[in-house]
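The values are calculated or read from the model by the stated rules, or taken from the named source; none is laboratory data. None of these values were measured; they are calculated from a predicted model. Quick reminder, even Gly has a Cβ in these numbers, built from the backbone with ideal geometry, and neighbours come from all protein chains shown. Accessible surface is based on the protein model in full, side chains and every heavy atom, while ligands, DNA and RNA are left aside. Shrake-Rupley method; radii C 1.70, N 1.55, O 1.52, S 1.80 Å.
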Amino acid sequence: MSSFATAVSAKASPAGGRITASGSRKSVAGRHAILPLRPALRLPSKSAPAACRRAGNPSVVCSAAVEVQMNKATRNPSFPFTKIVGQDEMKLALLLNVIDRNIGGVLIMGDRGTAKSVCVRSLVELLPEMDAVPDDPFNSSPTDPSLMGPECLEVIKAGETLPSVKKRVPLVELPLGATEDRICGTIDIEKALMEGKKAYEPGLLAAANRGILYVDEVNLLDDGLVDVVLDSAAGGVNTVEREGVSLVHPAKFIMVGSGNPEEGEMRPQLLDRFGLKVSVSTLFDIKQRTELVLNRMAYDKNPVKYVEECQEEQEALRAKLEAARELLPKVQTSYEIKLMISEICSRCDVDGLRGDLVTNRAAAAYVALNGRTEVTVEDVGAVVSMTLAHRMRKDVMDGMDNTGKVKSVFRRVTDPEVREREDAAEKAREEAKAAAKDAAAGGDKRA
């Protein structure tokens, strides 16, 4: 913190103070000095874009992104994605979102200790490095204007070329205690105090641009904050209007949420905003359970060595993902398959059209992952429960869960024989009920 800011802090809080959760310093006497918890880092003038230096407006780096970079050198490598045994549906949902970001993210709900967080964090290691403008808080692309922050756009408009470096895809974790200002960004208090100017300090949505935004225990997060994040994920931009600051910046990321359903459910309106939803449970297969435990023990003993030993499997999966992303534009879905998807959504009483759209996209991504270019009925069946189950209305009196209902509807729509058998069984049940009712009525008359 600068000497000026330190002097202001001492003057506002002569008796000492404590740091509040909102990032301000609160004096013991109850008076406030509006100072940031972590002063925004300013780039050296030589590393800032030329247009920004001429305007006297050096880039401001989001503190969350800086922390991720600082911790990256000291933390252990993530547990290898390929060594997570079981939980195939969860891993498939994450891979499909990597292949097609338009699917809309994934919600993972399940018991504690089922590798939900581990799987998300290990996913980043599979993603190839991306081209980005160095020291830019928005992870701006040096060539695509739709993925550039405001300052980089000014440089492009001035006819200059942006520098480019290779960097890892960012993984930003949103804590439960985060405020809307911390998520969307707010006014740069330090610059306001030192220079008397209004400036924007980027938030977590800016740091997550072109990466993954992960919310653990998303069902415990305030509904309003979840809605803000999902709006940005769907639109690909974050609009900030506060304290006289008006700004729009790209916020294109994969939204991943996880939670334990025992701790609370999410509103149907929020569930519908997630592209896919999977439910995970504890592994009870002895061989799978033992294999995963042994893998984890080997990793804990020497993380670096264990990750190096798994590089061949990791590289193979990484190459498979790259090939799938390149193949995705060539995937074709026939009109009959699209009609079948809409019929399934209609029979499942799914509100809106998100279910139809996401099922088409997920099926195409699944086909690309398997190295093919034509969507089949079986491909739709592999993803339909992930795309529709959380969009169906819940009936507390019905013992069958929504996943089972979706699979039942899929079988009826795609297999005429199954439909005939189920119709015959339903007719037999109705006749049995009617016969029992008539028998009861005849007994009452004789009595």
Consider R242 carefully, then state whether it is under 13 Å from the mean Cα position of the chain (by Cα) and basic (K, R).
-> no
Before we move on, is G275 modelled with pLDDT of 90 or more, small (G, A, S) and either open to solvent by less than 100 Å² (accessible area, probe 1.4 Å) or more than 30 Å from M130 (Cα to Cα) (or both)?
-> yes
Unmet requirement for D349, which otherwise passes all of (1) more than 23 Å from N102 (Cβ to Cβ); (2) in contact (Cβ under 8 Å) with a residue 60 or more places away in the chain = (2)
When V413 is run through (1) in contact with an Asp or Glu (Cβ under 6 Å, 6 or more places away or on another chain); (2) not assigned by the TED database to the domain that holds S342, the failure sits at (2)
Which residue pairs have Cβ atoms under 6 Å apart, sit 6 or more places apart or on different chains, and have a first residue in the range 120-147 that is under 21 Å from G185 (Cβ atoms) and a second that is part of a helix (DSSP H, G or I)?
-> V133/C152; P137/A206; F138/A206; S140/C152; S141/L147
Scanning the range 244-260 for residues that are out of contact with any Lys or Arg (no Cβ under 7 Å at 6 or more places or on another chain) and open to solvent by 50 Å² or more (accessible area, probe 1.4 Å), the one farthest from S279 (Cα to Cα) turns out to be S246
Residue that is surrounded by the fewest Cβ atoms within 10 Å (Cβ to Cβ) [pool: residues in the range 285-302 that are of a type in the set (A, V, I, L, M, F, W, C) and either touching a helix residue (DSSP H, G or I) at 6+ places or on another chain (Cβ under 6 Å) or touching a residue at least 24 places away in the same chain (Cβ under 8 Å) (or both)] = A298
Test: L353 is open to solvent by 20 Å² or more (accessible area, probe 1.4 Å), of a type in the set (A, V, I, L, M, F, W, C) and modelled with pLDDT under 95 = yes
Filter the range 80-94 for residues that are open to solvent by 10 Å² or more (accessible area, probe 1.4 Å) and farther than 15 Å from V280 by Cβ and give the result.
-> T82, K83
What are the residues in the range 414-423 that are modelled with pLDDT under 80, surrounded by 10 or more Cβ atoms within 10 Å (Cβ to Cβ) and not charged (D, E, K, R), if any?
-> V418
So which residues in the range 227-269 are among the polar types (S, T, N, Q) and more than 21 Å from F138 (Cα to Cα), if there are any at all?
-> S258, N260, Q269
Residues that are surrounded by 17 or more Cβ atoms within 10 Å (Cβ to Cβ): find the strands (runs of 3 or more DSSP E) completely inside the range 102-175 holding 3 or more of those.
-> 106-110, 171-173
